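Everything on this sheet refers to the single structure shown next.
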Amino acid sequence: MGQITLNKVRKAFGDVEVIPPLDLRIEDGEFVVFVGPSGCGKSTLLRLIAGLEDVSSGAIVIDGKDATDVPPAKRGLAMVFQSYALYPHMSVRKNIAFPLKMAGLSKSEIDKRVDNAARVLNLAAYIERKPGQLSGGQRQRVAIGRAIVREPSAFLFDEPLSNLDAALRVNMRLEISELHNTLATTMVYVTHDQVEAMTMADKIVVLQAGRIEQVGSPLDLYRTPSNKFVAGFIGSPRMNFIEGPEAAKYNAHTIGIRPEHLDVSNTEGAWKGVVGVSEHLGSDTFAHVLDTGLSEGMTVRASGEVALNHGDTVFMTPQPDKIHRFDEQGLRLS
Amino acid sequence: MATQHSRAAARAMLSPSVLLLLAWMIIPLSMTLYFSFLRFNLLMPGMEEWAGFDNYRYFLTDPAFWYAMRNTLVLVGGVLVITIVGGTLLGLLLDQDFFGQGIVRVLVIAPFFVMPTVSALVWKNMFMNPVNGLFAHFAQALGLQPFDFLAQAPLLSIIVIVAWQWLPFATLILLTALQSLDSEQLEAAEMDGASPLSRFIYIVVPHLSRAITVVILIQTIFLLSVFAEILVTTNGGPGYASTNLTYLVYVQSLLQFDVGGGSAGGVVAIILANIVAIFLMRMIGKNLES
Amino acid sequence: MARKVTSRRMAIVTVVAWAVGFAIFFPILWTIITSFKTEAEAIASPPKFLNFHWTLENYITVNERSNYFRHFMNSVVISVGSTLLALLIAVPAAWSMAFVPSKRTKDILMWMLSTKMLPPVGVLIPIYLMFRNLGLLDTRTGLVIVLTLINLPIVIWMLYTYFKEIPVDILEAARMDGASLKSEIIYVLTPMAVPGIASTLLLNVILAWNEAFWTLNLTAAKAAPLTAFIASYSSPEGLFYAKLSAASTMAIAPILIMGWFSQKQLVRGLTFGAVK
């Protein structure tokens, strides 16, 4: 079981309210990602769930029981920290065994569970080493191992991949997703990287300034962002926004169109511009188009190798059903 | 990590230290302050009476006080100049690459670990003694008249002894500061065409200024209280020639048993130290924030 | 700086540095050498550097005659005792300020430091009178109390700067792993803090061993540590150079060795973390 409910949870540091009253429901077995720019309160929210911070008001309910005043150790949750927070003086084995030792399990039971976790996470070869002798990815795995041996009702991840290099990050992303498929335990995952959110989550919670901007599945957010902030935050490259007369044609204050929803042509189209920087990735071609008269610059994504070069004149046509319309407050018009 | 639970535990763990230091500070301080307004001599117990500012008047108008004041300042100033100039030069020297760096560093630091009474006695007898001291032997070898350091230049001799003890401290701190200087900064300056001298003036000295301030402030706190070196070598003499404030208060209260006068001197010493302390605290406080 | 140093330059620096190092160390070396001479050779003119008859008789005499061992033990008991006591009081305080900081933590730290800046002579009389009335003059207990209190701020500060370097994440991880406050301290904090605690201990034993204001003023004979014992050589026995040297060598040797081990921590401890 791992069902977590936040009721009117509010957090203030002194006079500064970092999280205004907030409601959220995390279902058992769900992979929920908190995403948002740095300083949006996503880590604080996770720490409130963990019990590492006290809520200023409101209640946290875990599996139907009020856990608001329960100390972290008693909440039955496990956490993986950004810095991994491994115990530097203990071997990998002792690190993983630590929560079990604290729970007072028998020696043989501890050994059994640690060996099992080490096998699942491919740590068997390093089991007697100290964290200082491990690579970033190995440390990350130890941190995860320490979390899974407890068989917690939910896992909390605080930006766990941000200290890894790009290639390793992709690997670990897959491993964590795989782990979720195997264990089917609730996972709450904090990141500032929307790619991680999109690829891993069952449910994404987009936060800004402590407020929830939108909750939904990755494709919900991609298809129907409820406001400009979410529209701009989810999706890469970023959505293009156009204001003024062109937006007025669509009865909106602002319209948004994703780079991949613009059709490019050398001869004709709705909007005209000049290619500034173009990035050829092979699988995709990104072009930054200037002098459109619509907004400062627009990004276009074309599939495959497309001959878009600096100084070329291009025409772009938005796919009509992919245009997002927003009002003056930035809220979605449907 | 600040939860109600941990905060309560934290307070409970902090309070013994706070209470002890509070008691250590307030009780003797207020007693000193109180005594300084009494006519109170240990030879005449039970005769204590209120004296108002008399003790301060006697103490501050006593020529001995002005000698002591002057000696204190000369002692502190002299040692500071020697240790900081010497410490910077030594720091620069030890920061170079050379054979046996570790051993030389150990040799240079050693005097700091010698207890004050030992270093004072060793210098007094084995080096500065006009008959059997090593300096006297050298003077004789050169055909010169041996010089009685502690009789003829008592304050200077004490400055030399104390400076020898504190030179390692200044050296160590300045060396540490030098080593923390980012070498890329120096390389950037070199690429910008700065000569070794201008690199020293514009990069190294500003970098050291903070460490030098720390050395000045911390040494001053300790140097204001130099005691054992004087007790063992000159007993403050001849006359008051090498009596500092600390030693004067000691003489007044524990040798002449004049508790009132000694306490007034103690209060003066506290005020003097506080002036330095305020600057030091500001420096450290700033560091705490960064 | 990965730079090639010319061997000529290195040779010059080596010679100069060794000469300076030797000069600074010389008084200590001379003391050690003299401790192995006879009294006559100790004051011989011209002085004898190595060409004398080496003897251990001074060490034997000093030990036999003046109960050197008792003063040595006084030094050990007073310095180690006061350091352990200070650690006992300081560890919880430093822990709480480093890991559960409040708005007042900084003020408390600064205030603690300010007590260290009190000139001892300012409180000499009240302490002396209190000790006299309580029968603590010339007792080890009395000195342990005083040295504990005067070193407590330094101990707290040093521990605080060491504890500050332990990532809070790790302690939180322990809490998430189900550790109680007690097990958190026993299994996680203490092992990680041991190096810091050890160097704090070392530095404070050194400071307490060499303390020469309170030890001189609050002891007479019975509880006198080595600082006070050596001071008693100032006259007339000071003229027995060889014996003075032997006593001095024994007094400084243990601390010199400890000091060399703690040179790195020394800077940090004595500057309250202002220079690292």
Can you find even one residue in segment C:5-21 that is in contact with a Lys or Arg (Cβ under 7 Å, 6 or more places away or on another chain) and either surrounded by 14 or more Cβ atoms within 10 Å (Cβ to Cβ) or not aliphatic (A, V, I, L, M) (or both)? no
Test for A:SER91: is it more than 8 Å from every other protein chain (Cβ to nearest Cβ), polar (S, T, N, Q) and either under 15 Å from C:GLY178 (Cβ atoms) or buried (at least 17 other Cβ atoms within 10 Å of the Cβ) (or both): yes
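State the number of residues belonging to segment A:63-83 that are crowded, with 16+ Cβ neighbours inside 10 Å and more than 8 Å from every other protein chain (Cβ to nearest Cβ).
Of the residues in that region, 6 qualify.
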State yes or no: is B:LEU29 in contact (Cβ under 8 Å) with a residue 60 or more places away in the chain and surrounded by fewer than 17 Cβ atoms within 10 Å (Cβ to Cβ)? no
Regarding segment B:222-236, can at least one residue be identified that is touching a strand residue (DSSP E or B) at 6+ places or on another chain (Cβ under 7 Å), farther than 24 Å from B:VAL85 by Cα and surrounded by fewer than 24 Cβ atoms within 10 Å (Cβ to Cβ)? no
Single match in A:LEU48, A:LEU86 (criterion: within 19 Å of the chain's Cα centre (by Cα), crowded, with 16+ Cβ neighbours inside 10 Å, closer than 20 Å to A:PHE155 by Cα and not basic (Lys, Arg)): A:LEU48
So, in segment C:150-192, how many residues would count as being of a type in the set (A, V, I, L, M, F, W, C), free of Cβ contacts under 8 Å to residues at least 40 places away in the same chain and farther than 12 Å from A:ALA73 by Cα? 4
For C:ASP138, only one of the following conditions fails: (1) within 11 Å of chain B (Cβ to nearest Cβ); (2) in contact (Cβ under 8 Å) with a residue 12 or more places away in the chain; (3) surrounded by fewer than 21 Cβ atoms within 10 Å (Cβ to Cβ). What is its number? (1)
Could you give me the residue pairs with C-beta distances under 6 Å whose first residue belongs to segment A:159-174 and is free of Cβ contacts under 8 Å to residues at least 60 places away in the same chain and within 23 Å of A:LEU45 (Cβ to Cβ), whose second residue is outside any helix (DSSP H, G or I) and of a type outside the set (Val, Ile, Thr) wherever it lies, and which are 6+ apart or on separate chains? A:ARG169/A:LEU161; A:MET172/A:LEU161
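Have a look at B:SER36, B:SER15, B:SER6 and point out the one that is at the interface with another protein chain (Cβ under 10 Å from one of its Cβ atoms) and closer than 16 Å to B:GLY266 by Cβ.
B:SER36
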Facing chain C (nearest Cβ under 7 Å), farther than 21 Å from B:ILE218 by Cα and either outside any helix (DSSP H, G or I) or charged (D, E, K, R) (or both): is that true of B:PHE147 in this structure? no
Based on this model, can you work out whether B:LEU107 counts as more than 27 Å from C:LYS264 (Cβ to Cβ) and surrounded by fewer than 24 Cβ atoms within 10 Å (Cβ to Cβ)? no
Residues in segment B:194-214: is at least one assigned to a loop (DSSP other than H, G, I, E, B) and farther than 28 Å from B:ASN274 by Cα? yes
Name the single residue, out of those in segment B:65-105 being free of Cβ contacts under 8 Å to residues at least 24 places away in the same chain and β-branched (Val, Ile, Thr), that is nearest to B:LEU155 (Cα to Cα). B:VAL81
Which one of the conditions (1) outside any helix (DSSP H, G or I); (2) in contact with a Phe, Trp or Tyr (Cβ under 8 Å, 6 or more places away or on another chain); (3) within 11 Å of chain C (Cβ to nearest Cβ) does B:ILE161 fail to meet, given that it meets all the rest? (1)
Unmet criterion (only one of (1) at the interface with chain C (Cβ under 8 Å from one of its Cβ atoms); (2) out of contact with any helix residue (DSSP H, G or I) (no Cβ under 7 Å at 6 or more places or on another chain)) for A:ALA59: (1)
Output the number of the condition that B:ILE109 fails; it satisfies all remaining conditions of (1) more than 7 Å from chain C (Cβ to nearest Cβ); (2) more than 22 Å from C:SER234 (Cα to Cα). (1)
Given the criteria touching a residue at least 24 places away in the same chain (Cβ under 8 Å), touching a Gly at 6+ places or on another chain (Cβ under 7 Å), among the small types (Gly, Ala, Ser) and assigned by TED's automatic domain parsing to the domain that holds A:GLU30, does A:SER153 qualify? yes
Between residues in segment C:14-28 that are among the small types (Gly, Ala, Ser) and residues that are not in a helix (DSSP H, G or I), which pairs lie under 9 Å by C-beta distance while being six or more apart or on different chains? C:ALA17/B:GLN96; C:ALA17/B:PHE98; C:ALA17/B:PHE99; C:ALA17/B:GLY100; C:GLY21/B:GLY100
Subset of segment B:247-269 (residues that are surrounded by fewer than 24 Cβ atoms within 10 Å (Cβ to Cβ) and part of a helix (DSSP H, G or I)): B:VAL251, B:LEU254, B:LEU255, B:VAL267, B:VAL268
Looking for something touching a Leu at 6+ places or on another chain (Cβ under 7 Å), surrounded by 13 or more Cβ atoms within 10 Å (Cβ to Cβ) and not acidic (Asp, Glu) - is there at least one such residue anywhere in segment C:44-55? yes
Scanning segment A:101-120 residue by residue, those over 23 Å from A:GLU175 (Cα atoms), in a helix (DSSP H, G or I) and either outside the structural domain of A:GLY137 (by TED's automatic domain parsing) or not basic (Lys, Arg) (or both) turn out to be A:MET102, A:SER108, A:GLU109, A:ILE110, A:ASP111
Which of the following residues is outside the structural domain of A:PHE315 (by TED's automatic domain parsing) and either in a loop (DSSP other than H, G, I, E, B) or touching a strand residue (DSSP E or B) at 6+ places or on another chain (Cβ under 7 Å) (or both): A:ILE204, A:ILE242? A:ILE204
Which one of C:PHE131, C:PHE99, C:PHE72, C:PHE49 is within 14 Å of chain B (Cβ to nearest Cβ) and within 30 Å of B:ALA139 (Cα to Cα)? C:PHE49
For segment C:41-99, name all the residues that are of a type in the set (Gly, Ala, Ser) and free of Cβ contacts under 8 Å to residues at least 12 places away in the same chain. C:ALA44, C:SER45, C:SER96
State whether one or more residues within segment B:214-221 are touching a Gly at 6+ places or on another chain (Cβ under 9 Å) and in contact (Cβ under 8 Å) with a residue 24 or more places away in the chain. yes
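The values are calculated or read from the model by the stated rules, or taken from the named source; none is laboratory data. Given the structure is predicted, the values throughout are model-derived calculations rather than measurements. We place every Cβ from the backbone using ideal geometry, glycine too, and count neighbours over all the protein chains shown.
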